[in-house]
Amino acid sequence: MKTAKDLMTSPAECLAPDESIATAARMLSKYDVGSMPIVDGDTLVGVVTDRDIVLKAVAKGLDPKETAVSDIASKNVVTVEASAAASEVAQLMSEHQVRRLPVVDGGKVVGMVAQADVARVLDEGTTGEVVEEISQQ
């Protein structure tokens, strides 16, 4: 049985809460990812997405060099344990309508798993259901 640990990209590149939105955008571009966890020490405090940057910062005229990434990040982050089965990862993505999940081990972020990672290991029918449910947002 495949687990979140088997599916995840690791290590997870993370941002500190006080880093700027401009830094976040550069990091997302550098690692070619759509979201990045925000950690304070070892504690996950949020996730910022490319969509957050556009809708919560650029569209509102916030200064990307002066605004902290924590000001626009999603704070109520859904995570998955590294030992969780791939089917549980898919269920969490569907239930919470998210395309990416931070993977944690003992509360520490150890990786990220994306919808595409899950799609590679699930059967076509389940993958289709997950994509459909996530896309309903």
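Things to note:
- Residues in region 15-34 that are outside any helix (DSSP H, G or I) and buried (at least 19 other Cβ atoms within 10 Å of the Cβ): L15 alone.
- Taken over region 35-61, the criterion of being surrounded by 15 or more Cβ atoms within 10 Å (Cβ to Cβ) and not in a helix (DSSP H, G or I) is satisfied by S35, M36, P37, I38, V39, L44, V45, G46, V47, V48, T49.
- Boolean, T23 is among the β-branched types (V, I, T) and modelled with pLDDT of 95 or more: yes
- Which listed residue, of K2, K75, is surrounded by fewer than 18 Cβ atoms within 10 Å (Cβ to Cβ), within 14 Å of G111 (Cβ to Cβ), modelled with pLDDT under 95 and charged (D, E, K, R): K2
- Considering region 112-134, the residues that are closer than 19 Å to V47 by Cα, not in a strand (DSSP E or B) and not charged (D, E, K, R) include one that is modelled with the lowest pLDDT, namely I134.
- Residue count, region 97-111 (criterion: surrounded by fewer than 16 Cβ atoms within 10 Å (Cβ to Cβ) and either modelled with pLDDT of 90 or more or part of a strand (DSSP E or B) (or both)): 2
- Flag if S87 is under 18 Å from A114 (Cβ atoms) and either in a strand (DSSP E or B) or without any contact (Cβ under 8 Å) to a residue 60 or more places away in the chain (or both): yes
- S10 under 28 Å from V121 (Cα atoms), surrounded by fewer than 17 Cβ atoms within 10 Å (Cβ to Cβ) and among the polar types (S, T, N, Q): yes
- Some residue of region 59-71 being modelled with pLDDT of 90 or more and among the β-branched types (V, I, T): yes
The values are calculated or read from the model by the stated rules, or taken from the named source; none is laboratory data. Because the structure is predicted, anything quoted here is derived from the model rather than measured. Glycine gets a Cβ as well: all are built from the backbone with ideal geometry, and neighbour counts include every protein chain shown.
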